[in-house]
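Taking it in order: structure first as structure tokens, then the write-up.
The values are calculated or read from the model by the stated rules, or taken from the named source; none is laboratory data. Remember, predicted model here, so these are calculated numbers, not experimental data. Calculation scope for accessible area: heavy atoms of the full protein, side chains included, ligands and nucleic acids excluded. Shrake-Rupley method; radii C 1.70, N 1.55, O 1.52, S 1.80 Å.
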Amino acid sequence: MKPQVFRSKTAWFLGWVWMAFAAFNGVDLILHGRIPSAMVAGAVLAVLTAAVFVGCLRPGILPQEDGILVRNPLRNVFVPWKAVDNIHVSHAIIIESGDGVVRCWTPQASARERAKAVRRGAVATPAKSSGRYPSSTPQISRSEEAALKAMAGRTHADWVAQQLTEEAEKKSRGPEPARPLTTTWSPTALTALAAALSFVIAALIVA
């Protein structure tokens, strides 16, 4: 599997839009703001930016050579390939390993996305015309129909789970014993929250 990060593209895009917005407003507060109102506005901006970072930009699933790194908002969970017992999707991708269960923050399968996948499957098997006149329904090629059928009823989260399952089946072969999963706090997430908290404390002191 090529090095990549599985995440919600929508959340990633909106997260960077917010970062650009926050940077612009931060510069404006530095150049034109007046204390204490600038400190209060800066504290609110810092808290929201930290929340966007840990909730939208940081989360993801990173397949690595020796296992799966799951980045949730505040914690990192590493599951060696040999320790993967099962991967399935409910509203989120769930990785089972021994007695441990890892619920991935992203990508998720929302009800709306699941409904779209079902409709996509209906398009893959269009109704045939039974009259003497040809149907006005747009015709698709065989390759397009095969692709639609392959994704019928499946969301992006389902596809990611399948990719991880196939990779785990390949990498789990061998006599070496499986190592247990490990969970650690994310230094970057804690740093972002600490920075936001420092802005809030400074604003309370100045106000």
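Against the criterion of solvent-accessible heavy-atom surface with a 1.4 angstrom probe, Trp18, Trp159, Trp81 sort, most first, into Trp159, Trp18, Trp81. Within the assembled protein chains, the solvent-accessible surface assigned to Cys56 is about 40 Å², based on a 1.4 Å probe.
Using 0.36 nm per residue and subtracting the Cα-Cα separation, the extra length available between Thr10 and Thr184 on full extension is 60.0 nm. Multiplying the residue separation of Asp28 and Ala207 by 0.36 nm and subtracting their alpha-carbon distance yields 62.5 nm. Protein-only accessible surface at a 1.4 angstrom probe places the residues Ile94, Ile30 in the order Ile30, Ile94, largest first. Once the cut-off is 14 Å, how many percent of the Cα-Cα pairs in segment 1-77 end up in the long-distance tail? Tail of the P(r) past 14 Å holds 67 percent of the pairs. For Glu167, Glu176, the ranking by accessible surface with the largest value first comes to Glu176, Glu167, using a 1.4 Å probe. Under a 5 Å amide H cut-off, with hydrogens placed 1.01 Å from N, Thr106 pairs with Gly60 among residues at least 5 apart or on other chains.
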